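Inspection log for the structure reproduced underneath, given as structure tokens.
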Amino acid sequence: MNRTDNNQIEILFVVLGFLLLIGFAVWIKKIFEIPLDIAINTGIKIVIWIALISFIIWYFRSNFNVIKLTTPLMLSLLWCSFFPILDYKAGIQDNFPIKIEPEWYGTAFWQFIIFLAINGIGYGIIYYQNKRNNDYY
């Protein structure tokens, strides 16, 4: 008799997902040359946002307008997951005894400006496409 009520496959998927997340964090660590704790923090956020974007695309695959209208927002929120890497590269470190002036990309002002630029350009393209496709002005 075949029993299918065991939890071995779920445990296998959890372990495989954890190993892939650690592998992704090590890859981020090597690419950006950052400490492992920052890479894990950033890697978890990136995986969550990519999973959320993939879910929205899969769930609303028949309604392209929802995908089109949420893409700039999702990309700008994906940009926000890179903030720990930018802060580290800009010189913002909590345990450093001397406070140094960070690079421009490490300040919250410019990170917010880039967030707004991604949204503005994305929704500007959507507005231009909608305006161009309409026959009336």
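Given the structure, is Pro97 in contact with a helix residue (DSSP H, G or I) (Cβ under 8 Å, 6 or more places away or on another chain) and either outside any helix (DSSP H, G or I) or in contact (Cβ under 8 Å) with a residue 40 or more places away in the chain (or both)? Taking the combined requirement at face value, the residue does not satisfy it. Taking every residue in the range 19-40 that is part of a helix (DSSP H, G or I) and pairing it with any residue that is surrounded by 14 or more Cβ atoms within 10 Å (Cβ to Cβ) and of a type in the set (S, T, N, Q), at least 6 positions away or on another chain, the pairs with Cβ-Cβ distances below 7 Å are Ile28/Thr42. Of everything in the range 99-137 that is β-branched (Val, Ile, Thr) and over 18 Å from Leu77 (Cβ atoms), the residue that is surrounded by the most Cβ atoms within 10 Å (Cβ to Cβ) is Thr107. In the range 49-68, the residues that are closer than 17 Å to Trp79 by Cβ reach residues that are part of a loop (DSSP other than H, G, I, E, B) and small (Gly, Ala, Ser) with C-beta atoms within less than 8 angstrom, at least six apart or across chains, in these pairs: Trp49/Ser81. With respect to the conditions (1) among the hydrophobic types (A, V, I, L, M, F, W, C); (2) touching an Asp or Glu at 6+ places or on another chain (Cβ under 6 Å); (3) under 21 Å from Tyr123 (Cα atoms), Ile50 falls short on a single one, namely (2). Within the range 37-66, the only residue that satisfies the criterion of being among the basic types (Lys, Arg) and either modelled with pLDDT of 85 or more or touching a helix residue (DSSP H, G or I) at 6+ places or on another chain (Cβ under 6 Å) (or both) is Lys45.
The values are calculated or read from the model by the stated rules, or taken from the named source; none is laboratory data. All of these numbers come straight from a predicted model, not from anything done at the bench. Positions of Cβ are backbone-derived with ideal geometry, glycine not excepted, and every protein chain shown enters the neighbour counts.
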